[in-house]
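Structure, as structure tokens:
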Amino acid sequence: MKIIYQFFNHPFFVMIGGISTLIAVIGLLLVFMFFIFGITPLLWRLGLGRWIRKIAIASDDEIYNSLRADMIDSGIFRKGNIVPISSDHLAKVKDHNLILIHYQSFNQVQIKEILSNKKSGTGMIFYYPEYSPRDDKKIPNNMIRLISSKENTTIVNFRGRLLNDIITTLIATSYAKK
């Protein structure tokens, strides 16, 4: 046993052990820093978006009630954070920083008005459930270009994807610019 102890107590092994320990400690500190500076801001933004920010739904009453129920039933969003915007009050778009728009509830002139009232940092999601690229019931190309020319906008046609895009938009736009 004493021979094995003396063999591993050689200065070479002591130096390698010290270097290995130093690398392990530095690696652990880096992992901790990456977590703090990488994940924590995202979780903070999601928390702010989930608990504080209002989500405006621009649609007719029937669609609003259906979308609101889906969002509340998901368990992610609170009842008090979901508010309606009717076709009579499209200027209210300026007051919100996350808006879900049911595309079929509005005509092209109203969609253009909504887009013109959109603030730069506002997240805007257009919900078009009947969209199919092969179908005649699709968003005209000029409207798609207009929507895509605005920052933080997307078009969604599935309800499951809609919840995912709302969460992504909450994270992407839940910060105060300095």
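Data for the structure
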| item | result |
| --- | --- |
| For the chain, share of DSSP beta bridges that run antiparallel, in % to the nearest 5 | 0 |
| Within the chain: Cβ-based charge dipole about Cα centre, in debye rounded to nearest 20 (Lys, Arg +1; Asp, Glu -1) | 580 |
| Long pairs among K92/K137; K94/K150; K92/K138, criterion Cα-Cα beyond 23 Å | K92/K137; K92/K138 |
| Two-decimal ratio, segment 2-49, of alpha-carbon radius of gyration to 2.2 N^0.38 Å | 2.06 |
| Net lengthening on full extension, K112/S149 (0.36 nm per residue, minus Cα-Cα) | 12.1 nm |
| Evaluated at q = 0.12 Å⁻¹: base-10 log I(q)/I(0), Debye formula over Cα of segment 54-173 | -0.38 |
| With Cα atoms, 0 to 90° folded angle of helix 108-117 axis to the chain main axis | 50 |
| Degrees separating the helix 61-73 axis from the principal Cα axis of the chain, which is the longest one | 20 |
| FRET efficiency, L28 to F7 (Cβ-Cβ, R0 30 Å, nearest 0.05) | 0.55 |
| Simple label model, 7 Å out from Cα along Cβ direction - K119 to E62, nm | 3.4 |
| Contour minus Cα-Cα distance for S87 and D73 (0.36 nm per residue) | 2.5 nm |
| Mean ellipticity per residue at 222 nm, deg cm²/dmol - from DSSP H runs of n ≥ 4 across the chain, formula -39500 (n - 2.57) | -16000 deg cm²/dmol |
| Two-site label geometry, A172 and D95: point separation in nm, points 7 Å out along Cα→Cβ | 2.6 |
| Highest to lowest packing among 22-30, 56-64, scored as the average C-beta count within 10 Å | 56-64, 22-30 |
| Cα-only radius of gyration and Dmax that characterise segment 1-110, units Å | 28.7, 90 |
| Burial ranking of peptide ranges 36-46, 144-154 (average Cβ count within 10 Å, highest at the top) | 144-154, 36-46 |
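Every read-out reported here was derived from the displayed coordinates using simple, explicitly stated rules and does not represent laboratory data. All figures in this text were calculated on a predicted structure; none of them were measured in a lab. Positions of Cβ are generated from backbone atoms using ideal geometry, with glycine treated the same way; all protein chains shown enter the neighbour counts.
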